[in-house]
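Engineer: Before I ask anything, let me first share the structure, which is written out below as structure tokens.
Since every read-out is calculated from the coordinates, none of them should be taken as a lab result. This one's a predicted model, so the numbers in the text were calculated from it and none came from an experiment. Please note: Cβ atoms are built from the backbone with ideal geometry, for glycine as well, and neighbour counts cover all protein chains shown.
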Amino acid sequence: MSSAEKILKVGGMAVAEAPALPVLLDPDRSKARAAGRGRAVAACSARASAYLELAKPEVTFLVLVAAGLGFAMATPGLDLPGLMRLLLGTGLLAAGTAALNHCLEWSDDAKMRRTVRRPIPSGRVALREGYSLGLASALGGTACLALGVSPLAGLIGLTASLAYLGGYTPLKRRTAWCTFVGAFPGAAPVLIGWTAAASLSVEAWVLFAILFLWQFPHFIAIAWMYREDYARAGLVMLPRGDAGGRRAFLQIMGYSMALVPASLAPYWLGMAGSIYLAAAFCLGAGFLYYAWRAYAQRTKQQARLLLHVTVIYLPLLYLMMVLDKG
């Protein structure tokens with residue numbers, strides 16, 4: 001019998017059977033494999049996106065900017081390796097603190113429209129997983145700062161993280177003074193950056209004061225925009241019994257008026273030149289104008305506009321300070 005074919009006799013009929021050929025490609029199986037790979041990639045992408053959201057990238061970015069400013073203003077030249085170590089440690093610590101804050105507030109976030117889709121209340125990240133990631137990142141960042149930058153920078157960073165999580169976060173359910181308490185760890189990044197290159201001095205505390213005062217118009221504007229959401233979760237972000245917002249917006253005006261002279265202090269201390277002075281004065285005048293509009297009208301629209309102004313103001317002020325450093 002030929003190896004090329006077999007002759008079968010079926011009912012007296014001769015039937016030729018061709019040799020079996022190997023199946024090189026199964027279309028259905030290939031589609032299934034491609035779909036499986038697509039699902040795996042999508043799952044990994046969704047997981048990475050959830051982890052990134054845990055780190056609160058917008059807040060972490062502002063923390064890095066503030067730490068970078070402190071470092072830049074404390075160093076006479078450009079120390080790129082030192083800056084990279086500072087940003088790595090500060091970024092890990094800020095991201096870890098943000099993740100732990102997500103874990104501590106997940107039940108409150110589940111009650112608010114603007115936060116209900118966050119990773120933990122939405123079920124995209126398990127609570128235990130969030131705690132593990134947050135602790136690992138925060139401790140890793142603290143170690144990077146203490147060992148790779150300076151022990152004082154690590155101490156300030158760890159203290160700020162503990163004050164934020166142990167002070168500001170629980171106080172949000174009790175008193176509107178939480179914003180005042182939270183402003184201290186919120187302004188700590190400039191000190192972390194400064195101590196990465198120099199010892200603490202009056203100049204460092206001036207940078208601290210600018211960031212400290214800036215936070216009040218920024219966060220009170222947010223609290224007014226989302227006051228119904230905060231009330232739904234039982235969070236006290238605004239003065240009690242201030243339905244019309246007079247006291248809240250009066251605080252905005254007071255802190256804004258204090259921010260302007262604080263922003264001019266780097267010039268008087270020789271930290272920056274006359275170009276910075278002119279820029280700080282113009283930026284401060286614009287800041288006061290929008291703070292006054294928010295105080296006069298006390299609407300969500302004006303609060304949102306002021307929020308945008310605060311976000312633009314701080315990076316521009318920092319940029320001019322660094323560019324015209326004395």
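Engineer: Give me Leu211, Leu283, Leu250 ranked fewest to most by other Cβ atoms within 10 Å of their Cβ, as a rough exposure proxy.
Structural biologist: Going from sparsest to densest Cβ surroundings: Leu250, Leu283, Leu211.
Engineer: Using Cα-Cα distances under 8 Å and only pairs 6 or more residues apart, what relative contact order does the chain have, in percent?
Structural biologist: With pairs under 8 Å counted, the relative contact order is 15 percent.
Engineer: Which value results when the Cα radius of gyration for the stretch 201-326 is divided by 2.2 N^0.38 Å? Before the final figure, lay out the partial values.
Structural biologist: Working: Rg = 15.6 Å, N = 126, 2.2 N^0.38 = 13.8 Å.
Ratio of Rg to 2.2 N^0.38 Å for the stretch 201-326: 1.13.
Engineer: Looking at Leu155, Gly193, Leu314, which one has the Cα that reaches farthest to the positive end of the dipole of the chain (charges on Cβ: Lys, Arg +1; Asp, Glu -1)?
Structural biologist: In the chain, that residue is Leu314.
Engineer: How big is the chain on each of its three principal axes, counting only the C-alpha atoms and giving the largest first in Å?
Structural biologist: So the extents along the principal axes, rounded to whole Å, are 111, 51, 34.
Engineer: Calculate one ³J(HN,Hα) per residue across the stretch 77-94 by plugging θ = phi - 60° into the Karplus curve 6.51 cos²θ - 1.76 cosθ + 1.60, and present them in order as whole Hz with x for glycine and proline.
Structural biologist: Karplus values, whole Hz, x for Gly and Pro: x, 9, 9, 5, x, x, 5, 5, 5, 4, 5, 5, x, 5, x, 5, 5, 5.
Engineer: Separate question: By how many nm would the segment from Ile275 to Val311 lengthen if fully extended, with 0.36 nm per residue of separation less the alpha-carbon distance?
Structural biologist: 10.8 nm
Engineer: Here's something else I'd like to know. Apply the Karplus curve 6.51 cos²θ - 1.76 cosθ + 1.60, θ = phi - 60°, to the phi angles in the stretch 309-317 and return the couplings in whole Hz, x for Gly and Pro.
Structural biologist: 4, 5, 5, 7, 4, 5, x, 5, 4
Engineer: What list do you get for His218, His308, His102 if you sort them by fewest beta carbons within 10 Å?
Structural biologist: Listed from fewest to most nearby Cβ atoms, that is His308, His218, His102.
Engineer: Mind listing the phi-derived Karplus ³J(HN,Hα) values for the stretch 37-46, rounded to whole Hz, using 6.51, -1.76 and 1.60 with θ = phi - 60°, and x for any glycine or proline?
Structural biologist: 5, x, 5, 5, 5, 5, 5, 5, 5, 5
Engineer: So if R0 is 35 Å, what FRET efficiency would Met257 and Arg113 give, r being the distance between their Cβ atoms, rounded to the nearest 0.05?
Structural biologist: Rounded to the nearest 0.05, the efficiency is 0.55.
Engineer: Oh, and also: Among Gly244, Gly193, Gly68, determine the one that fluctuates most according to a GNM of the chain built with springs between C-alpha atoms less than 10 Å apart.
Structural biologist: Gly244
Engineer: Let me ask something additional. Mind checking the dipole of the chain: about its Cα centre, +1 per Lys or Arg Cβ, -1 per Asp or Glu Cβ, Debye to the nearest 20? It would help to have the intermediate numbers written out before the result.
Structural biologist: Values: 30 positive and 16 negative charges, 230 e Å.
Using only the charged Cβ atoms, the result is roughly 1100 debye.
Engineer: May I pose another question? Which shape class, rounded, prolate or oblate, goes with the stretch 49-198 when its Cα gyration tensor gives a ≥ b ≥ c as root eigenvalues, a/c under 1.5 marks rounded, and past that a/b bigger than b/c marks prolate?
Structural biologist: Prolate is the answer for the stretch 49-198, as a/c is 1.5 or above and a/b outweighs b/c.
Engineer: Run the quick spin-label model on Ala48 and Glu228: label points 7 Å from Cα toward the beta carbon, then report their separation in nm to one decimal.
Structural biologist: 3.8
Engineer: Which order do Arg47, Arg39 fall in if you start with the one that has the fewest other Cβ atoms within 10 Å?
Structural biologist: So the ranking, lowest neighbour count to highest, is Arg39, Arg47.
Engineer: With the Cα gyration tensor of the stretch 116-184 giving a ≥ b ≥ c as the square roots of its eigenvalues, does the rule (a/c under 1.5 for rounded; else a/b larger than b/c for prolate; else oblate) give rounded, prolate or oblate?
Structural biologist: oblate
Engineer: Give the calculated FRET efficiency between Val322 and Arg39 to the nearest 0.05, with a Förster radius of 45 Å applied to their Cβ-Cβ distance.
Structural biologist: Efficiency, from the Cβ-Cβ distance: 0.45.
Engineer: For Ser201, put the label point 7 Å out on the Cα→Cβ axis and report which residues of the stretch 285-326 keep their amide N under 19 Å from it.
Structural biologist: 321-326
Engineer: Please list, in chain and number order, the residues 5+ apart from Ala272 or on another chain whose amide H is under 5 Å from its amide H, with Hs placed from the backbone.
Structural biologist: Hits under the 5 Å cutoff: Tyr267, Gly326.
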